[in-house]
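Every number in this text was worked out from the coordinates using simple rules, so none of it is lab data. Remember, predicted model here, so these are calculated numbers, not experimental data. With ideal geometry, Cβ positions are generated from the backbone for all residues, glycine too; neighbour counts draw on all protein chains shown.
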Amino acid sequence: MFDLSDKVVLITGAGESVGPGIARVLAKYGATVIVCDESKAKADAVCELVFSDGGFAISASFGLTDYNTVITSLNAITDKIGDIDILINNVGTAYPAELSAMASFLSTNWPGIRDKNLCGFLNCCQAVLGPMSKKNWGRIITVGSSLSEFEDDGSCYSTVRSGASGFIQQLAKDILPYKITCNAISLEWKHYDSVTLESLEDGISSLRIGRLDDVGYLGLYLSTEAASIISGRTIPLEIVYGDESGEMNKASRSSCL
């Protein structure tokens with residue numbers, strides 16, 4: 001049921017944060033993984049992790065905000081390994097200063113935030129949906145943020161993330177006849193120091209806080225035939241970060257927020 005040995009997966013923003021975990025998990029279950037990141041060095045490093053676990057991955061580095069670049073780059077890859085069956089959109093940012101995503105709208109570079117967080121996702125969706133519809137099978141998953149920790153400013157970032165959520169709900173209806181599902185994973189980040197038994201009991205949301213690979217396992221489930229009844233949904237997932245876990249810090253979270 002969880003065998004992906006005949007599937008090709010494109011993971012964008014795969015070079016850091018939850019991206020490597022998603023790549024490792026899906027490759028572990030047989031998928032051919034395209035590790036896409038703006039940094040070729042990061043993409044190559046994730047491929048090495050996949051190889052060390054016995055999986056197979058291909059490194060790719062190209063921009064997502066230009067539609068023609070996306071089409072040309074993906075065609076060059078799929079001509080060699082086959083069409084993409086599963087798209088996992090993990091690109092997005094809130095923290096880099098050049099985007100000022102969490103600043104007041106008056107001082108925000110809103111085109112940059114829009115292009116980085118939303119347009120790239122739409123470009124990839126349009127690029128892969130043609131082959132998926134011809135095969136009458138496909139999976140589209142986007143990784144986003146609950147925005148629960150942002151109390152001030154960030155209006156543009158909130159807008160594009162809300163746009164992505166609305167997009168997957170409507171897209172799910174549009175592509176239903178082609179047996180393609182479209183879902184979102186909404187991450188709620190909690191610092192390791194703030195995670196206590198009491199905080200878990202107060203939330204009554206889970207028995208434990210998730211780790212990075214848990215995003216991969218949720219992505220695995222949504223990628224399989226077992227999840228064919230789920231589409232147009234946003235699934236929340238609490239994830240812990242911090243020094244004690246040794247996995248990531250605030251700067252590295254930016255690729256998947």
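Quick one: what are the phi-derived ³J(HN,Hα) couplings along region 215-231, Karplus 6.51/-1.76/1.60 with θ = phi - 60°, whole Hz, x for glycine and proline?
4, x, 6, 5, x, 4, 4, 5, 7, 9, 5, 4, 9, 5, 8, 10, 7
Order by neighbour count: S186, S133, fewest other Cβ atoms within 10 Å first, most last. Don't skip to the answer; put the middle values down first.
On the way: S186 18, S133 15.
Fewest-to-most Cβ neighbours within 10 Å comes out as S133, S186.
Given H placed 1.01 Å from N in the peptide plane, which residues other than close sequence neighbours of T234 have an amide H under 5 Å from its amide H?
So T234 has HN proximity to A184.
Of V240, V18, how do they rank once you tally other Cβ atoms within 10 Å and put the fewest first?
V240, V18
Taking the number of other C-beta atoms within 10 Å as the exposure measure, put I22, I77, I71, I84 in order starting with the fewest.
In order of increasing Cβ crowding within 10 Å: I71, I77, I84, I22.
Which entries of K42/K179; K42/K116; K40/K179 show an alpha-carbon separation above 26 angstrom in the structure shown?
From K42/K179; K42/K116; K40/K179, over 26 Å: K42/K179; K40/K179.
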